[in-house]
Amino acid sequence: MGALVRVISGAAYKFDWPDACALASHDLFVANGKGNSVTELDATTGALVRVISDTAYKFNSPDALASSGGHLFVANGFGKSVTELLVTT
């Protein structure tokens, strides 16, 4: 069994039914299925970077994530769509 490194929780992260995680660059992205948002964390420290939540992103129950080449792809279960974000810093 592996050793526990950390548990990330708290109101600041706005986790609302976190469904999926993906690494992109040095960040960890967490899809919040009920919250219609994506939480971005520093993968090294677990510190909150930002919560991405705006109607412009057309999130609708994001429930899967994938990353490639500085892009994050968010599958929206109820929206029947995929949102692509540029995440290169």
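Just so you know, all these numbers are worked out from the coordinates, no wet-lab data involved. As the structure is a prediction and not an experimental result, all values here were calculated from the model. All Cβ positions, glycine included, derive from the backbone under ideal geometry; neighbour counts span all protein chains shown.
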> the chain: which trypsin sites (Lys or Arg not before Pro) are DSSP loop and have at most 14 other beta-carbon atoms within 10 angstrom?
Replying inline: Arg6, Lys34, Lys58, Lys80
> Counting other Cβ atoms within 10 Å of each Cβ, which chymotrypsin sites (Phe, Trp or Tyr not before Pro) in the stretch 31-89 have at most 12 and sit in a DSSP loop?
Replying inline: Phe78
>> Compute the orientation-averaged projected area for the chain from the convex hull of its Cα atoms and round it to one decimal in nm².
In response: 6.2
>> Need one number: nm distance between label points at Leu23 and Ala66, each 7 Å from Cα along Cα→Cβ, rounded to one decimal.
In response: 1.8
